[in-house]
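**Q** Just passing along the structure, written as structure tokens.
The values are calculated or read from the model by the stated rules, or taken from the named source; none is laboratory data. These numbers come from a predicted model, not from an experiment. Virtual Cβ from ideal backbone geometry, glycine too; neighbours counted across all protein chains shown.
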Amino acid sequence: MTPPETPTEGPANHGTTSPAVSLCAQEALLVLKNRSEFLAAARARKQGTKAMMIQARKRRESEDADPAVIRVGYTCSKKVGNAVARNRAKRRMREVARAVLPAFGKPGWDYVLIGRKDETAARDMLALQADLKWALRKLHAPAKPRPQT
């Protein structure tokens, strides 16, 4: 099956991209796919919210990924539920990331969103967005100096 052609005239002509092009590609969000990328994010900063856990790491200059792109991954363990429940939670996290990360995420960073049992799928979308925005502010805040003993 081929995607529809881009309209050349009329109100549907918004630009040069086909209407079948994903919004993620247009907003400079790429999806993490390799296990090594998820493991690298797991060793970096973490911030929990009521609905999800967010892991974030700044990519190194030596990595071959585009430094102007935000990369994001989604995961849910079997504790979240069966495949239907896990997929529902990941769909909701994808939608929240699509709405929040282009505005509040930083280019050159990788983010992993991890769903929580009974919370990610049941929480209101506006509350999910607020959770992600709060977590991003915490993750990107300058580190507090540790008190010396």
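**Q** Can you name the residue in the range 135-149 that is not polar (S, T, N, Q) and not in a helix (DSSP H, G or I) and is also surrounded by the most Cβ atoms within 10 Å (Cβ to Cβ) among such residues?
**A** 141
**Q** Given the criterion out of contact with any His (no Cβ under 7 Å at 6 or more places or on another chain), within 13 Å of residue 132 (Cα to Cα) and outside any helix (DSSP H, G or I), identify the matching residue among 72, 96.
**A** The match here is 72.
**Q** I would also like to ask the following. Could you list, ordered by first residue, the pairs with Cβ atoms under 6 Å in which the first is in the range 50-78 and in contact (Cβ under 8 Å) with a residue 12 or more places away in the chain and closer than 17 Å to residue 113 by Cβ and the second is among the polar types (S, T, N, Q) and crowded, with 20+ Cβ neighbours inside 10 Å, at least 6 apart or interchain?
**A** 51/120; 52/120
**Q** Need pairs with beta-carbon distance below 6 Å; first residue over 22 Å from residue 118 (Cα atoms) and within the range 128-149, second surrounded by 10 or more Cβ atoms within 10 Å (Cβ to Cβ) and among the basic types (Lys, Arg); sequence gap 6+ or separate chains.
**A** 139/45
**Q** Here is a check on your reading of the model: is residue 36 within 19 Å of residue 112 (Cβ to Cβ) and either at pLDDT 95 or above or among the hydroxyl-bearing types (Ser, Thr, Tyr) (or both)?
**A** For residue 36, the condition - within 19 Å of residue 112 (Cβ to Cβ) and either at pLDDT 95 or above or among the hydroxyl-bearing types (Ser, Thr, Tyr) (or both) - is met.
**Q** If you don't mind, another one. Picking from 132, 128, 113, 101, which residue would you name as being surrounded by 16 or more Cβ atoms within 10 Å (Cβ to Cβ) and either farther than 19 Å from residue 44 by Cβ or in contact with a Cys (Cβ under 6 Å, 6 or more places away or on another chain) (or both)?
**A** Exactly one residue qualifies, and that residue is 128.
**Q** When you scan the range 106-122, do you find a residue that is polar (S, T, N, Q) and assigned to a helix (DSSP H, G or I), even just one?
**A** Checking the range 106-122: not a single residue is polar (S, T, N, Q) and assigned to a helix (DSSP H, G or I).
**Q** Determine whether residue 92 is surrounded by fewer than 21 Cβ atoms within 10 Å (Cβ to Cβ) and touching a residue at least 12 places away in the same chain (Cβ under 8 Å).
**A** No; evaluated as a whole, the condition is false for this residue.
**Q** Of the numbered conditions (1) under 11 Å from the mean Cα position of the chain (by Cα); (2) assigned to a helix (DSSP H, G or I), residue 79 satisfies every one except a single condition; which is it?
**A** Of (1) under 11 Å from the mean Cα position of the chain (by Cα); (2) assigned to a helix (DSSP H, G or I), only one is false for residue 79: (1).
**Q** Within the range 65-89, restricting attention to residues that are among the basic types (Lys, Arg) and buried (at least 20 other Cβ atoms within 10 Å of the Cβ), which residue is nearest to residue 136 (Cα to Cα)?
**A** The selected residue is 71.
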